[in-house]
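Structure first, commentary second.
Read the figures in this text as sums done on the coordinates, not as results from a lab. Keep in mind that what you see is a predicted model, and the values were worked out from it rather than measured. For neighbour counting, all protein chains shown are included, and Cβ atoms are generated from backbone atoms with ideal geometry for every residue, glycine included.
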Amino acid sequence: MIDSLLVANRGEIARRIIRTARRLGVRAIAVHSEADADLPFVVEADEAVCVGPANPAQSYRNTEAILAAARSTGAQAIHPGYGFLSENADFARTVEAAGLIWVGPGADAITAMGDKINARNLMAAAGVPVAPGTTEPAADLAAAVAAAAEIGYPVMVKAAAGGGGMGMGVAVDEVALRTEYDKVRAFAERMFGDGSVLIERYFPRVRHVEVQILGLADGRVLALGERECSVQRRNQKLAEESPSPAVSPDLRSRLLAAAVRAGEAVHYRNAGTVECLLDPATGEFFFLEMNTRLQVEHPVTELVYGLDLVEEQLRVAAGLAPTFDPDTLAPRGHAIELRVNAEDPKRFLPGPGTITTWVEPTGEGVRVDSGYVEGNTVTPFYDSLLAKLIVSAPTRAEAISRAKAAVARFELTGPKNNLPFFAELLENEEFTSGDYDTAIVSRMR
C-alpha cells in the first residue's frame, strides 16, 4: 500500500480521502489556500501545507506549488479528488514524471475522454450507443446550422472541452441556434481555452443515468452498478440514488456492459464514471461523457455495494488487487444522496456566510460527508457544496423515509442552504413515484 498521500483538493472530498487514508495507516497530507486554513480537512490531516491565496488558480490549480508541497513533505502519491486538477492530463503526466504515483486513470485516458467529440467517436467505434450528433467540431455558425438541420431540432449546443454541466445550451430552431452557438463558443473559450462546439440531439424528456466503473490493476474493467442523477438545476446534480428506479434488469445488463466496453476502449484504470442519457419513452440510452475521476456521488455506490471506493482507488494505484471478489460482488438495498449547498432553496444562488449552527443527523443508515463544522466561514471563492447527506435502507421507500427524517434533523444556520428544497423534493409525488426526469426541479419551482 502507498505510505503517504497528498490530497490535491479541499473541503468535503479532501476530508473524505483523508479519512480513508488514515484508516489504512497512510500518512495524509493536505494542501490548502489561505482562505481554508481553519477547515476540518486541514486540521485532520497528518501534515498540511499552504499553497497560495484564495484564488484557485494560485492555490488548488497551482501545479508548481502542489508539486513543491509533495516534495517537501515526502509524499509518495497524489490524489486529486474531483474538480480542480482531477481531469488535467498534463498534471497527471507531470506527477508521474516527478516519480510520484497518480491516483487516477492514465493521462492518455483523461485526454481521450476530455474532448466530447473525440469521446463520442471513440465510444461509437467501441459499440457504445451515442446520440445523433457531429463527429467533428462545428467550425462556424454555418456548419452548426447545417448540422442541426441534419440532426433535427431541438439540439443541444455543447462545449467540446466542457464538463460538470457547464457550457451547454438548447436550441429549438435556427434563430435560437444562432444565439446559443455564439454564447457557448464564447463561454468555452473563456472557461476552457477551447472554443470547439458540438451539436447533438436534445431530448426534451430524458433521464441522466451513470455507471460507476473501476479499472483494476490487472487490466479488467468492472461496472459497479448505476446511479440515477436526474435531479438537477442548471444541468448540475442536486440528488442521486442507486439503483435507478428507471432501470429494469435487462436495461441494467445492457447499460453495464456498454460501460465496461467504454472503459476497455481507453484501457481504463482506477475509478471513473460513464454518464448516459436514458430516453424513458423508448428505453434507449446514449453515451454522454466519461468522468475520469471519482464522482461527488460515489457514496451511494459505496453503500449499495459495501465498499470504500477511495480505498479501491489507492489499491489500484499501488498495483494491488481489490478488497472484494469481482465475481461475487453484488448490490444490496437502496441509497440516496442529497447535496447540501450554501445556496438559497428557491433560485439556487450562492449564499456564503459564517456557520453559526451545525448539527449533523445520525442514526441507522445515515451518513454525512461534510467539509465544514460550526464556526467555519463559507467563502465565495469555491463550489457551494457544504456536505453530502447520504442514507441507505433495504428498499427505496425506506430510504426516502430515512432521508426525510435526516433532513429534518440537520440543523444548519448562518449561510443560506438548500435543506428546505430537499424536504420538498422528498414529498414530491413525481420523485417518490420514481417516474421523474431532468426537468423535475424546474417543474417544482
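Values for this structure:
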{"quantity": "Spread of Cα-to-Cα distances over 10 Å intervals beginning at zero, given as percent, for the chain", "calculated": "4, 21, 32, 29, 13, 1"}
{"quantity": "When each of K116/K416; K116/K388; K237/K416 is checked by Cα-Cα distance, pairs over 25 Å", "calculated": "K116/K416; K116/K388"}
{"quantity": "Mean residue ellipticity (222 nm) of the chain, computed from DSSP H runs ≥ 4 via -39,500 (n - 2.57), nearest 500", "calculated": "-10000 deg cm²/dmol"}
{"quantity": "Centroid-to-centroid separation of segment 383-424 and segment 111-144 [C-alpha atoms, Å]", "calculated": "37"}
{"quantity": "Fewest-first ranking of V103, V175, using other Cβ atoms within 10 Å as the exposure measure", "calculated": "V175, V103"}
{"quantity": "Part-to-part distance (alpha-carbon centres) for segment 2-52 and segment 343-377, which is given in Å", "calculated": "20"}
{"quantity": "Gyration tensor (alpha-carbon) shape descriptor, segment 304-445, a/c threshold 1.5", "calculated": "oblate"}
{"quantity": "Candidate aspartates and glutamates - alpha carbon under 15 Å from K346, same-chain residues fewer than 8 apart omitted", "calculated": "E424"}
